[in-house]
Amino acid sequence: MESYEEKFNVLNHCDTFAILNRWGNIDSGGNQIQGIYNRDTRFINHLHLLLNGMPLDLLSSSITEENGTLSTDLSNPGFTSLNGIKVPAASLHIHRSQFLKDEVFHEKLDIQNYLDHPCSVKLSLVIKGDFADIFEVRGVKRKARGRLMPLTKSEDGQLVISYEGLDHIRRKAIIYFSQPFEADLAHQLLHFPLDLAAKGFGQLEYAIHFEQTGRASQPKIAYGTAKDELIPRLKHKNAYFPIIETSNEQFTHWLNRSQADLVSLMAETPYGKYPYAGVPWYNTAFGRDGIITAWQTLWLAPQLSKEVLLFLAAHQAEQEDKTSDAEPGKILHEMRNGEMVALNELPFKKYYGTIDATPLFIMLAGAYYQRTGDFSTMKQLWPHIEAALNWIDNYGDFDGDGFVEYQHKAERGLTNQGWKDSFDAISHADGTLAKSPIALCEVQGYVYAAKKSASYIAYDLGKTAVAQKLKKSALDLRKKFNEQFWIEEKQCFALALDGDKKPCMINTSNAGHALFTGIAYEHLASKLVKTLLHPDLFAGWGIRTLAANEARYNPMSYHNGSIWPHDVALIASGFAKYGFVVEAARLTTALFDASLFIPLQRLPELFCGFERRQGEGPTAYPVACSPQAWSVSSVFLLLQSLLGLEIIPDKKVIRFNKPYLPSFLSWIKLSGIQVDSLRINLEVLRHKSNEHVSIYWNNQPKDWKMEVSME
């Protein structure tokens, strides 16, 4: 089964994205997700280019390397021109160039006549809008919708498609053209006659602006000017990252594509950049996704972590609201902008139904501080960290058993509130669903790491008593967790404790997060690594969410047997932390191999968990988001896990813990890694005779040193 990305092309920029087919068109037939979307609404659901009333023949279609433009080459079928001349097929070349910038969709059409005589043609565009809410596109049924307004053409040649929502918001697509056109408004058809000279050239440009009541309009801007402004903007976002080169061209391409995808998802906010979760379903701010994406890139791009922390601190819950699962100190799950959330048909306008984003927020704050030594930002964030800690103790552990658990309160909110949030994700060995309140194993690890991080920050802020209390609380939790969650007969941590404190005795990828956070006892780590790499969990492309021998296993499900790249990367990071670097390299190799079978080497949100078959790629999960921020960022955490690289500013040390390069990498060059106010370059070389590496650096910062540990 093909994923939508194998059939379609995706463009995205902040709050706007487009899903187009390989011709650069948008089809509205059937249960299509194609369209141009802005702020959780599909404005345009049909866009077709015709030549003399006929569809064009596809030559090629591709997204440019920097991820900004869809470039499509087309040719004509045979036809009779408007001046009565028979035109053979492939006599005219049509090039479509499409991109998004600042909530505007731009297209330039170039048409080249290769005949030795003139040719008169008519280019036509069919443009329709349905203004469907993103949740409608996903299949949520509504009792009523707003009113789609008749298509209009203004005196100055603008085309306007508009919709009056039940939320009293007027949403409009305003289309500006570079030349006059004939309009058949009843059929939403626009005609552009072109007289092409022998060997002559013609051109058409247009821009679709997306507007709604209460939001400022974007200024009218020509295609060329917008394109010229887009490239520097992409370069500015890419400046967050150092340059990474490797001996393996395909691995380097994976890194570059992943960076370009992440940059395309980085939205502008008053607090800096924030990585939206993914296209098409989650093109908005998600707390958990943003934090993990920032974590995966922290060693390379610490500024992104700072901006994610500031954004989430600004949106931290301050009071209880059962309709949105909000409680004081809790960190955001997601924000939405569409008509359905404005009308409270769904609770996701500003929704807090996540059990893990709050401890993850503290974890990221601690990791950011350890990476940068940014004392000023920690002082600014400390009240938010305190509020998050209070939430953990007073709301997260609401039954006082020492574990953090969830039980949803919002009537239409999420039943399961960990990262595996589908309704059937948490079950017992016999397949029965666990009843709430549910204490997930990975969440206890996040809380442990959060309290350790907060303790570290508190010490430096002069809050010694607070720091000591947090450290003791973390150690107590670690002991309690290993005693109550470890299942010796499964050689694994239980997925969760249910409402009766009964363990969910099934083998899942969640257990691997106990290595990522460090909560697992060292003597259990080797047992757990062996379990996670057993064929029941390791499918050859990565670690399944649920083992193949468990009752609810289904490799085509969302959370019960599928493979999620970000999940695999976090587990690989855990392997490396406990010294299992060869095993971490095995997971890295698995995802790298998977990327080679996936269009653009763009790892999607997830793929099916079928066992790897010789000579074949992984099986697509048809409606997975792609690009998805924490998936495309996985490669960066995998690389850090291989290198064991830590930057420790308070000790002025760059440390490599058991650095290891797999056989497909002979060397890695990192240029422009931020250390204090400087940028340094590092080179790692694998010895041909053994598995050892040599590490070199230049422009060494004053008073800094490098430490390499092979133990």
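The values are calculated or read from the model by the stated rules, or taken from the named source; none is laboratory data. Note that the coordinates shown come from a computational prediction; the quantities given were computed from them, not determined experimentally. Using ideal geometry, Cβ is built from the backbone for each residue, glycine included, and neighbour counts are taken over all protein chains shown.
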Across (1) in contact with a Gly (Cβ under 6 Å, 6 or more places away or on another chain); (2) more than 30 Å from ASP650 (Cα to Cα); (3) of a type in the set (Gly, Ala, Ser), ALA326 clears everything bar (1)
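Please work out if ASP500 is in contact with a strand residue (DSSP E or B) (Cβ under 9 Å, 6 or more places away or on another chain) and among the charged types (D, E, K, R). Full working, then the answer.
Details: in contact with a strand residue (DSSP E or B) (Cβ under 9 Å, 6 or more places away or on another chain): no; among the charged types (D, E, K, R): yes.
No; evaluated as a whole, the condition is false for this residue.
Taking strands (runs of 3 or more DSSP E) that fall entirely within the stretch 83-184, which contain at least 2 residues that are of a type in the set (A, V, I, L, M, F, W, C) and buried (at least 17 other Cβ atoms within 10 Å of the Cβ)? Even if it seems obvious, please write down each step before you answer.
Numbers: elements: 92-101, 104-113, 119-133, 159-164, 170-177, 182-184.
Answer list for the stretch 83-184: 92-101, 104-113, 119-133, 159-164, 170-177.
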Let me confirm something: among TYR558, TYR578, which residue is hydroxyl-bearing (Ser, Thr, Tyr), in contact with a helix residue (DSSP H, G or I) (Cβ under 7 Å, 6 or more places away or on another chain) and at pLDDT 95 or above? TYR578
Is it the case that SER473 is closer than 14 Å to PRO359 by Cβ, touching a residue at least 12 places away in the same chain (Cβ under 8 Å) and in contact with a Leu (Cβ under 6 Å, 6 or more places away or on another chain)? no
Residue hits (the stretch 662-699; touching a residue at least 60 places away in the same chain (Cβ under 8 Å), basic (Lys, Arg) and surrounded by 15 or more Cβ atoms within 10 Å (Cβ to Cβ)) are LYS669
Six or more apart or on different chains, Cβ under 8 Å: which pairs go from a residue in the stretch 270-299 that's in contact (Cβ under 8 Å) with a residue 60 or more places away in the chain and on the phi < 0 side of the Ramachandran plot to one that's of a type in the set (Lys, Arg) and not in a helix (DSSP H, G or I)? Could you list them? TRP281/ARG138; THR284/ARG336
The stretch 282-305, residues that are under 15 Å from TYR271 (Cα atoms), in contact with a helix residue (DSSP H, G or I) (Cβ under 8 Å, 6 or more places away or on another chain) and surrounded by fewer than 24 Cβ atoms within 10 Å (Cβ to Cβ): ALA285, PRO302
Which condition does GLU345 not pass, out of (1) at pLDDT below 95; (2) within 22 Å of GLN370 (Cβ to Cβ); (3) not β-branched (Val, Ile, Thr), if it passes all the others? (2)
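Residues to consider are GLU550, GLU489; find the one that is modelled with pLDDT of 95 or more, more than 21 Å from TYR578 (Cα to Cα), outside the structural domain of ASP401 (by TED's automatic domain parsing) and more than 25 Å from the chain's Cα centre (by Cα). Explain how you work it out, then say what you get.
Numbers: GLU489 fails: outside the structural domain of ASP401 (by TED's automatic domain parsing).
Unique residue meeting the criteria: GLU550.
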If we keep just the residues of the stretch 337-364 that are assigned to a loop (DSSP other than H, G, I, E, B) and small (Gly, Ala, Ser), which is surrounded by the fewest Cβ atoms within 10 Å (Cβ to Cβ)? GLY353
Kindly indicate which of LEU637, LEU643 is in the same structural domain as VAL582 (by TED's automatic domain parsing), free of Cβ contacts under 8 Å to residues at least 60 places away in the same chain and closer than 23 Å to ILE291 by Cα. LEU643
With (1) without any contact (Cβ under 8 Å) to a residue 40 or more places away in the chain; (2) under 16 Å from ILE26 (Cα atoms); (3) among the aromatic types (Phe, Trp, Tyr) as the list, and PHE99 as the residue in question, which single condition is left unmet? (1)
Does the stretch 174-187 contain any residue that is assigned by TED's automatic domain parsing to the domain that holds HIS93 and of a type in the set (Ser, Thr, Tyr)? yes
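For TRP419, state whether it is at pLDDT 95 or above, out of contact with any strand residue (DSSP E or B) (no Cβ under 6 Å at 6 or more places or on another chain), within 14 Å of ILE355 (Cα to Cα) and outside any helix (DSSP H, G or I). I'd like the intermediate steps shown before the answer.
Values: at pLDDT 95 or above: yes; out of contact with any strand residue (DSSP E or B) (no Cβ under 6 Å at 6 or more places or on another chain): yes; within 14 Å of ILE355 (Cα to Cα): yes; outside any helix (DSSP H, G or I): yes.
Answer is yes for this residue.
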Could you go through the stretch 365-386 and let me know if any residue there is assigned to a helix (DSSP H, G or I) and under 20 Å from TRP419 (Cα atoms). yes
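Which count do you get for residues in the stretch 559-570 that are under 21 Å from PHE597 (Cβ atoms) and either charged (D, E, K, R) or in contact with a Leu (Cβ under 8 Å, 6 or more places away or on another chain) (or both)? Give the steps one after another, and end with the answer.
Initial filter on the stretch 559-570 (under 21 Å from PHE597 (Cβ atoms)): 561-569.
So of that shortlist, the ones also either charged (D, E, K, R) or in contact with a Leu (Cβ under 8 Å, 6 or more places away or on another chain) (or both) come out as 561-565, 567-569.
Qualifying residue count for the region: 8.
Return the residue satisfying two criteria in turn: it lies in the stretch 430-482 and is outside any helix (DSSP H, G or I) and among the hydroxyl-bearing types (Ser, Thr, Tyr), and of such residues it is nearest to CYS504 (Cα to Cα). Give the steps one after another, and end with the answer.
Narrowing the stretch 430-482 to residues outside any helix (DSSP H, G or I): 430-440, 461-463.
Then keep just the ones that are among the hydroxyl-bearing types (Ser, Thr, Tyr); that gives 432, 436.
Values: THR432: 10, SER436: 12 Å.
Per the stated criteria, the residue is THR432.
Residue by residue, here is whether (1) among the basic types (Lys, Arg); (2) touching a residue at least 40 places away in the same chain (Cβ under 8 Å); (3) in contact with a Phe, Trp or Tyr (Cβ under 6 Å, 6 or more places away or on another chain); (4) outside the structural domain of GLU211 (by TED's automatic domain parsing) holds:
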| residue | (1), (2), (3), (4) |
| --- | --- |
| ALA313 | no, yes, no, yes |
| SER324 | no, yes, yes, yes |
| VAL341 | no, yes, yes, yes |
| ASN344 | no, no, no, yes |
| TYR369 | no, yes, no, yes |
| GLY373 | no, yes, no, yes |
| THR377 | no, yes, no, yes |
| ALA387 | no, yes, no, yes |
| ASP393 | no, no, no, yes |
Residue by residue through the stretch 11-29, note down the ones that are under 20 Å from SER162 (Cα atoms), touching a Phe, Trp or Tyr at 6+ places or on another chain (Cβ under 7 Å) and without any contact (Cβ under 8 Å) to a residue 60 or more places away in the chain. none
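Within the stretch 436-457, count every residue that is touching a residue at least 40 places away in the same chain (Cβ under 8 Å) and closer than 16 Å to LEU389 by Cα.
Within the stretch 436-457, the subset touching a residue at least 40 places away in the same chain (Cβ under 8 Å) is 436-454, 456-457.
Filter once more, keeping what is closer than 16 Å to LEU389 by Cα: 443-454, 456-457.
Matching residues across the stretch 436-457 total 14.
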Select from the stretch 591-611 the residues that are part of a helix (DSSP H, G or I), of a type in the set (Phe, Trp, Tyr) and touching a Ser or Thr at 6+ places or on another chain (Cβ under 8 Å) and list them in ascending order. none
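Matching residues to (1) surrounded by 19 or more Cβ atoms within 10 Å (Cβ to Cβ); (2) of a type outside the set (Ser, Thr, Tyr); (3) without any contact (Cβ under 8 Å) to a residue 60 or more places away in the chain; (4) outside the structural domain of ASN507 (by TED's automatic domain parsing):
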{"residue": "LEU591", "(1), (2), (3), (4)": "yes, yes, yes, yes"}
{"residue": "GLU605", "(1), (2), (3), (4)": "yes, yes, no, yes"}
{"residue": "GLY609", "(1), (2), (3), (4)": "yes, yes, no, yes"}
{"residue": "GLN614", "(1), (2), (3), (4)": "no, yes, yes, yes"}
{"residue": "SER626", "(1), (2), (3), (4)": "yes, no, no, yes"}
{"residue": "ASP650", "(1), (2), (3), (4)": "no, yes, no, yes"}
{"residue": "VAL653", "(1), (2), (3), (4)": "no, yes, yes, yes"}
{"residue": "PHE656", "(1), (2), (3), (4)": "yes, yes, yes, yes"}
Consider the stretch 30-60. How many of its residues are closer than 26 Å to GLY165 by Cα and part of a loop (DSSP other than H, G, I, E, B)? 7
